[in-house]
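Here the structure is laid out as structure tokens; the discussion comes afterwards.
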Amino acid sequence: MSRKQVTIDGNEAASYVAFKTNEVIAIYPITPSSNMGENADAWAAVGERNIWGVVPRVREMQSEGGAAGAVHGTLQTGSLTTTFTASQGLLLMIPNMFKIAGEQTSTVFHIAARAIATHALSIFGDHSDVMATRSCGWAMLFANSVQETMDFALIAQAATLRARVPFLHVFDGFRTSHEVMKIERLADEDMRALLAADLIHAHRRRALSPDHPVMRGTAQNPDVFFQSRERANPFYAATPGIVQELMDKFAAQTGRQYHLFDYVGAAEAERIIIMMGSGCETAEETIAALCARGEKVGLVKVRLYRPFSAEALLAALPQTTKAIAVLDRTKEPGGAGEPLYQDVLTAIGESVIVGDLPFATIPRVIGGRYGLASKEFTPAMAKAVFDELKQATPKNHFSVGINDDVTFLSLAFDEHFSIEKDDEVRALFWGLGADGTVGANKNTIKIIGEETDNYAQGYFVYDSKKSGAMTVSHLRFGPHPIKSTYLIRQANFIAVHQFNFIERYDVLEAAAEGATFLLNSPFAPDEVWAKLPRTMQAEIIAKRIKFYCINAYDVARANRMGTRINTIMQTCFFAISGVLPRAEAIAQIKESIKKTYGKRGEQVVQQNYAAVDAALAHLHEVQVPAQVTSEFERPPAVAPNAPAFVQQVTAEILAGHGDRLPVSAFPADGTYPLATAQWEKRNIALDVPVWEPDLCIACGKCIMVCPHSTIRAKVCEESQLLNAPAGFKHMPAKWRELADQRYTIQVAVEDCTGCRLCVEVCPAKDKTNLERKALNMTPQLPLREAGRANWDYFLTLPDMHKNGAM
Ligand code: SF4
Ligand code: SF4
């Protein structure tokens, strides 16, 4: 059977199967699972059908609690029903989850696993949400990659119908839910082959119906509740066997064989990691590298976590096992250990007690935490765990990936340990949230993944602030399947789409020797070198980086594309990265422009074509001098007069060095000082408003409308302006009761986002030139220094009291 190769993310993989194999889908959005509901809603809206030819009913509820209630209700009518969620959303579903499981109902919830808010909220991925539902009575099947997410969505759906145990199908939030990967899409026939019609009919026959009335959901006294609860045991006992049978059937159908616990590594491995989720991919890649050096190491990937089959776990471990590290992506404060560690320990302990342990000696077992809230889990960290297992008394209850200088539980790791491959292209793109960088990169992955034989992977690092904050896209392309579920450490290509980033971040830190660097620069090729900070120039020279620049905003404006630079920067990437032959790449970009913009008319398509050609014409290689010539250094992340906490903690976070902060840097209870945001100068606006006092009528509308309070007014005595910086604008206050006072409007040019709302709302116009208002957008860069001085002075002026007193 031929199956389509598609380049999609984990959320699309899960929702594709969920949509195809269900009739009712109740949704409520929560990051990072929202796209699953959005996909289902969009597909239903255009009449896409499931494998039985029916358009599923998709309904958005008022909360995740409502979604779970709707699922529970429709399941009781015999419908095949599903939902998608994460984090606190899953917690809201717990009451219904107990009921659904207690009634032995078949359903799958697809979970993009995410941290639960504790000392702080986090939208990022770990297993603390699903671990909080362990007692609900649901099976849990963990997928480690985008392909597995599609495959396990089907296996879970088939298994729940046979086992009559509801399933959580779990994959890692962001790392898998948002990772774009080239995978093989399951065909409708694959799904029909696994979903037995008689089991679907049996599910329907169990529906509550007036045609065959029964009572379900009784209240029971102490005399019978306990026995009834134990009555469910056979269902759970049978589930692992059912899942394995379906995994075997799936393998016969698709060629991809899975087991309840999959072992990879040396046949005679002595040191073993046991874990689940996307971190397994990194561990597997590391093990391949360590085994090639002769190390006896291995990995057990836990697929079916609940019901937990101790027998299958012990059978998966090599008989040569001497030491085991169990890695949990969750934290259970005060527990005897994290959940998977305890399960493994129990499995081994019970086996020792009954005397059927399949190893020559009782292995030493230690447990550790990693990857909370999407903290990176790298090959260096996996190696550190294996190294710890070599110790005579390895550290137990450790953490890896952080520096714990409070309880000293963390493992040290070698940051420079790298196993990145020579035959892979690794590209980093620094963009601004909503500037089109991520969209263009997803398009690039599609072109390379679907139009060539290369494998492709894309992962996008978002800031929680989303729109207007930095995004870094990590793209890998190569001839072999990609298992690197961690950020790129050595890039062959780096593009910076916003010039001001070079002042804020060490954007070339991950550049490999001989890498290519593309900068969107407002400066000409012969001027730009002098505009780089000294350390950046030194990096370019030392790493022999090939440096290209383009003024993408100019090219976009000239081609009537406003500030949309995505097509231009994408064209430059293909022109100089060498990932595809140049002519072929440009043809593919134009083809994709036709697909994307064709609906919006030929003019838009031609505009984009022109931008592609103009991009090539305006792309220049910069001649790199042999010596550092710059006269300035990258400024500190915050001003030197910032408070100590801001200097020591906030500044590190703003500079992108939050990972380096030790445990002791943080408050124990999530309590932080206020007003620290004022120290972050993002400088993201290309243009900012400039005030013209000769036109202003002092209506105050601009001040009212600014979403960030970055344009403000004050009234003061003239004498208070004697020391104002040159160019500090003011005018007579226009109110009778403030006669002799001065009125000033100032803009925090480094904080303004350039949204133009203040300009749009300003009613004052120059009657001789209607284009000129009392506020006009003007390029920010030349105004920055003076604007900073004006704003700082403005803040020193006294505020007027509400009653008019100064
Ligand atoms: S452009 Fe937007 S952010 Fe900037 S001052 Fe005006 S309203 Fe505020
Ligand atoms: S909206 Fe225009 S006229 Fe009104 S206070 Fe602001 S700048 Fe002056």
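The values are calculated or read from the model by the stated rules, or taken from the named source; none is laboratory data. Just so you know, these numbers come straight off a predicted model, no measurement behind them. Here Cβ is always computed from backbone atoms with ideal geometry, including for glycine, and neighbour counts include all displayed protein chains. Just the protein is used for accessible areas: all its heavy atoms, side chains included, with ligands, DNA and RNA removed. Shrake-Rupley method; radii C 1.70, N 1.55, O 1.52, S 1.80 Å.
Residue by residue, here is whether (1) within 18 Å of residue 787 (Cα to Cα); (2) among the aromatic types (Phe, Trp, Tyr); (3) crowded, with 16+ Cβ neighbours inside 10 Å holds:
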{"site": "678", "(1), (2), (3)": "yes, no, no"}
{"site": "711", "(1), (2), (3)": "yes, no, yes"}
{"site": "723", "(1), (2), (3)": "yes, no, no"}
{"site": "733", "(1), (2), (3)": "no, no, yes"}
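Considering the range 745-778 alone, what residues qualify as being out of contact with any Pro (no Cβ under 8 Å at 6 or more places or on another chain), outside any loop (DSSP other than H, G, I, E, B) and more than 10 Å from ligand 2 (Cβ to nearest atom)? The answer is 746, 766, 769, 770, 771, 772.
Of all residues in the range 680-709, those satisfying the criterion of being open to solvent by 50 Å² or more (accessible area, probe 1.4 Å), near ligand 1 (Cβ under 10 Å from one of its atoms) and part of a loop (DSSP other than H, G, I, E, B) are 707, 708, 709.
In this structure, residue 611 does not qualify as out of contact with any strand residue (DSSP E or B) (no Cβ under 6 Å at 6 or more places or on another chain), part of a helix (DSSP H, G or I), of a type outside the set (S, T, N, Q) and closer than 23 Å to residue 477 by Cα.
Of all residues in the range 676-702, those that are within 27 Å of the chain's Cα centre (by Cα) and either within 8 Å of ligand 2 (Cβ to nearest atom) or not acidic (Asp, Glu) (or both) total 10.
In the range 719-733, what residues are of a type in the set (S, T, N, Q) and outside any loop (DSSP other than H, G, I, E, B)? Outline the logic, then answer.
Quick first cut of the range 719-733, residues of a type in the set (S, T, N, Q) only: 719-720, 723.
Across the range 719-733, the qualifying residues are 719, 720.
Taking the residues in the range 157-177 that are among the hydroxyl-bearing types (Ser, Thr, Tyr) and in contact with a Phe, Trp or Tyr (Cβ under 7 Å, 6 or more places away or on another chain) as candidates, determine which candidate is nearest to residue 145 (Cα to Cα).
Taking the range 157-177 as the starting set, the residues that turn out to be among the hydroxyl-bearing types (Ser, Thr, Tyr) are 160, 176-177.
Next cut, in contact with a Phe, Trp or Tyr (Cβ under 7 Å, 6 or more places away or on another chain) only: 160, 177.
Numbers: 160: 21, 177: 9 Å.
It comes out as 177.
Applying the condition of being open to solvent by 20 Å² or more (accessible area, probe 1.4 Å) and either at pLDDT 95 or above or not in a helix (DSSP H, G or I) (or both) to the range 735-744 and asking which residue is nearest to ligand 2 (Cβ to nearest atom) yields 735. Within the option set 51, 30, being surrounded by 20 or more Cβ atoms within 10 Å (Cβ to Cβ), aliphatic (A, V, I, L, M), assigned by TED's automatic domain parsing to the domain that holds residue 180 and in contact with a Ser or Thr (Cβ under 7 Å, 6 or more places away or on another chain) holds for one residue only, 30. When every residue of the range 467-477 is checked against the conditions, at least one turns out to be of a type outside the set (Ser, Thr, Tyr) and assigned to a loop (DSSP other than H, G, I, E, B).
Among the residues of the range 602-614, is any within 27 Å of residue 686 (Cα to Cα), in contact (Cβ under 8 Å) with a residue 40 or more places away in the chain and of a type in the set (S, T, N, Q)? Taking every residue of the range 602-614 in turn, at least one turns out to be within 27 Å of residue 686 (Cα to Cα), in contact (Cβ under 8 Å) with a residue 40 or more places away in the chain and of a type in the set (S, T, N, Q). Considering 246, 290, the condition of being hydrophobic (A, V, I, L, M, F, W, C) and within 19 Å of residue 151 (Cα to Cα) is satisfied by 246 alone.
Which of the residues spanning the range 710-731 are among the β-branched types (Val, Ile, Thr) and more than 16 Å from ligand 1 (Cβ to nearest atom)? Residue satisfying the conditions is 715 alone. Taken over the range 473-522, the criterion of being closer than 18 Å to residue 9 by Cα, open to solvent by 10 Å² or more (accessible area, probe 1.4 Å) and in contact with a helix residue (DSSP H, G or I) (Cβ under 8 Å, 6 or more places away or on another chain) is satisfied by 483, 485. Looking at this structure, is residue 9 open to solvent by less than 40 Å² (accessible area, probe 1.4 Å), at negative phi and under 24 Å from the mean Cα position of the chain (by Cα)? Here the answer is yes, as residue 9 does meet what is asked. A Cβ distance below 8 Å, combined with a sequence gap of six or more or placement on separate chains, defines the contacts here; from the range 236-261, residues that are at pLDDT 95 or above and charged (D, E, K, R) reach residues that are open to solvent by 40 Å² or more (accessible area, probe 1.4 Å) and part of a loop (DSSP other than H, G, I, E, B) in the pairs 248/257. Pairing each residue of the range 737-761 that is in contact (Cβ under 8 Å) with a residue 60 or more places away in the chain and among the acidic types (Asp, Glu) with any residue that is away from ligand 2 (no atom under 14 Å from the Cβ) and assigned to a loop (DSSP other than H, G, I, E, B), provided the two are 6+ apart or on different chains, yields C-beta distances under 6 Å for 750/681; 750/683.
The residue list 554, 526 contains one member that is part of a loop (DSSP other than H, G, I, E, B) and over 29 Å from the mean Cα position of the chain (by Cα), which is 526. Those helices (runs of 4 or more DSSP H) of the range 143-254 in which 3 or more residues are closer than 21 Å to residue 308 by Cα and open to solvent by 30 Å² or more (accessible area, probe 1.4 Å) occupy 233-254. Checking the stated criteria, residue 388 turns out to be farther than 29 Å from residue 502 by Cβ, touching a residue at least 12 places away in the same chain (Cβ under 8 Å) and open to solvent by 20 Å² or more (accessible area, probe 1.4 Å). Looking at the range 11-129, the helices (runs of 4 or more DSSP H) lying wholly inside it that each contain 1 or more residues that are β-branched (Val, Ile, Thr) and in contact with a Phe, Trp or Tyr (Cβ under 9 Å, 6 or more places away or on another chain) sit at 64-75, 87-102.
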